[in-house]
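What follows is a short report on a single structure.
The values are calculated or read from the model by the stated rules, or taken from the named source; none is laboratory data. Please read all numbers here as calculations on a predicted model, not as lab measurements. Cβ placement follows ideal geometry from the backbone for every residue including glycine, while neighbour counts extend to all protein chains displayed.
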Amino acid sequence: KARKAALSKAGASYNIALQETEKGVVTRFPPEPSGYLHIGHAKAALLNDYFAHELYKGTLLLRFDDTNPSKEKQEFQDAIVEDLALMGIKPDKTSYTSDHLETLYQYCIRMIKEGHAYADDTDQETMRDQRMNGIASKNRDNSVEQNLAILEEMKIGTEKGLKNCIRAKLSVDNPNKAMRDPVIYRCNLLPHHRTGTTWKMYPTYDFACPIVDSLEGVTHALRTTEYTDRNPQYQWFLDTLKLRHVHMWDFARMNFIRTELSKRKLTKLVDAGTVWGWDDPRMPTIRGVRRRGMTIPALRDFILKQGPSRNIVVMDWTNFWASNRKEIDPVAPRHTSIDVKDAVKATVTNGPAEAYIEDKPKHGKVPTLGNKKVAYSKSLIFDQEDVKLFKEGEEVTLMNYGNAFVRKINGSNPITDIELELHLEGDFKKTEKKLTWLSTEGQELIKAEVWDFDYLMTKDKLEETDNWEDFVNPDSAWKVDALCDENVKDLKQDDIIQLDRKGYYRVDRAATAEKPLVLFGIPTGKTK
Ligand code: ATP
Ligand code: MG
Ligand code: MG
């Protein structure tokens, strides 16, 4: 409801702009195929999808903004297509900025011919300095012929061409620095993943985006607010080239504490082996959070609830995972695990002579999830952590079983084994301890690796002056070996369960005869 309200409020103001457009609404999601999609991209994609499809029955374009061969790869492009599908986003059309390279080149020639662009071989540092201080480049007033000749050198990538870039002749000293003669073309000799070595120079985002938006029929360009300064520049290109107008719509970037969302930095974590890959459960990628146990409905809901607000906030992960908990709790079957390290053997002195099995519900409150088999016998195991707190003579409750007296405790630090005496007619409401346990007889206990994860960064929010690599958490994944009840044999990859008294887990790998079950802990939004 909150999400609907926020969005329809945005929709209402959106509508005002819409009256000017005769055709339907056309939005676009323009990722650069230079990494896997992260949760920030998910926000951009979902908002575009929402405005195009849910609010207006319009058209959503997916456009790969692929004009920098130094960063882009087919692998990333394919992953983006898959991840959008996973999120239930269906673009009506897919295009590539690289399909427009010839057209963009022609527009660049026109810009030069009409006196709106010039070639510049000023070195990067000087250029930055001059832009900062409102100083004109020495090349600003070169002739059209000179500029066109250099453009041709750039096009074939000659030594001279490589020293140059093309800049829009917009302003030298506009108070808005985005208006100070932005670069519109630069050379790159690396092969492009779609166009190979056809091109040696590529348009910048600033130049390509307004033109391609206009040519592809985009009516509303949604951009994150860090582009707001560049909006007048975007409009200037459309005006100068007499192209169809496009409405701009700014929304806030989504940020999270202890999380880096820059693709450059995420790439570095992957390449350095700090994480296992783009789909590492600690990564803020769509694949990462899914592997950690986030469900798609919860992800969509969480993001759309943020709505199109323009206030940049750094979010806590608490609500993110709390929205997931609501989704998974009613459908997660309950299982039991005991940590292998220092597991305590218990002998039930008055236990059953023979092990036996009973059917018990997989979820106490959701009978539709069906039953599981619980084994009972004289031989049980417990977690050391629990037994450490036992006192001889104390009455405790064994979950799914009943009460028992602790009769004997052998060993200390660690305790090795104990003796219990069942007291099944005892009142479980009167005991302090409700315990998980497993019978070592009557079932085959299943080995499991149980993983838990921490944030990748050690500081909530980095300052401009912080070197981010100094704050990468060196210790963010832990594994515990455990034994589980036999029922977990049937679990499949991606299943979500709850281990009694331990938490929610996603199955990262099913158990096989050779290999243990692999479980990843799912945060619940509550701090441990
Ligand atoms: P990076 O700076 O890490 O390279 P990017 O923003 O350049 O990321 P793109 O592939 O160009 O990555 O982004 C595609 C779309 O997603 C853009 O519209 C961009 O504004 C949006 N986007 C990127 N990061 C976020 C974020 N954290 N929150 C919301 N939208 C985002
Ligand atoms: Mg970008
Ligand atoms: Mg970027």
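Of the strands (runs of 3 or more DSSP E) lying entirely inside segment 41-129, the ones with 1 or more residues being farther than 24 Å from residue 163 by Cβ are found at 59-64, 93-96.
For segment 256-270, a residue qualifies if it is within 16 Å of ligand 2 (Cβ to nearest atom) and not in a helix (DSSP H, G or I), and the qualifying residues are 260, 261, 262.
With the checklist (1) closer than 19 Å to residue 71 by Cα; (2) surrounded by 15 or more Cβ atoms within 10 Å (Cβ to Cβ); (3) among the hydroxyl-bearing types (Ser, Thr, Tyr) in hand, flag the one item residue 198 doesn't pass. Checking residue 198 against (1) closer than 19 Å to residue 71 by Cα; (2) surrounded by 15 or more Cβ atoms within 10 Å (Cβ to Cβ); (3) among the hydroxyl-bearing types (Ser, Thr, Tyr), the one that fails is (2).
I need the full set of residues from segment 130-139 which are assigned to a helix (DSSP H, G or I) and surrounded by 17 or more Cβ atoms within 10 Å (Cβ to Cβ), in order please. Listed by number, the residues that qualify are 130, 131.
Of the residues 309, 337, which single one is farther than 16 Å from residue 86 by Cβ, of a type in the set (S, T, N, Q) and crowded, with 20+ Cβ neighbours inside 10 Å?
Working: 309 fails: crowded, with 20+ Cβ neighbours inside 10 Å.
Of the residues listed, the single one that is farther than 16 Å from residue 86 by Cβ, of a type in the set (S, T, N, Q) and crowded, with 20+ Cβ neighbours inside 10 Å is 337.
Restricting attention to segment 199-220, the residues that are over 18 Å from residue 59 (Cβ atoms) and more than 16 Å from ligand 3 (Cβ to nearest atom) total 5. Within segment 357-404, being closer than 21 Å to residue 443 by Cβ, assigned to a helix (DSSP H, G or I) and among the charged types (D, E, K, R) holds for one residue alone: 386. Would you mention how many residues in segment 271-299 are surrounded by 19 or more Cβ atoms within 10 Å (Cβ to Cβ) and part of a helix (DSSP H, G or I)? Total satisfying the criteria: 8.
Yes or no, residue by residue, for (1) of a type outside the set (S, T, N, Q); (2) exposed (fewer than 14 other Cβ atoms within 10 Å of the Cβ); (3) touching a residue at least 40 places away in the same chain (Cβ under 8 Å):
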residue: 369; (1), (2), (3): yes, no, no
residue: 388; (1), (2), (3): yes, no, no
residue: 405; (1), (2), (3): yes, no, no
residue: 422; (1), (2), (3): yes, no, yes
residue: 443; (1), (2), (3): no, no, yes
residue: 448; (1), (2), (3): yes, no, yes
residue: 453; (1), (2), (3): yes, no, yes
residue: 464; (1), (2), (3): yes, yes, no
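Within segment 473-491, being at pLDDT below 95 and not in a loop (DSSP other than H, G, I, E, B) holds for no residue. Of the residues making up segment 399-415, none is out of contact with any Leu (no Cβ under 9 Å at 6 or more places or on another chain) and closer than 30 Å to residue 289 by Cβ. Pairs linking a residue in segment 201-219 that is part of a loop (DSSP other than H, G, I, E, B) to a residue that is within 14 Å of ligand 2 (Cβ to nearest atom), with Cβ atoms under 6 Å and 6 or more positions apart or on different chains, are 218/28. Output the residues belonging to segment 436-472 that are over 20 Å from the mean Cα position of the chain (by Cα) and part of a strand (DSSP E or B). 438, 439, 446, 447, 448, 449, 450 - these are the residues of segment 436-472 that are over 20 Å from the mean Cα position of the chain (by Cα) and part of a strand (DSSP E or B).
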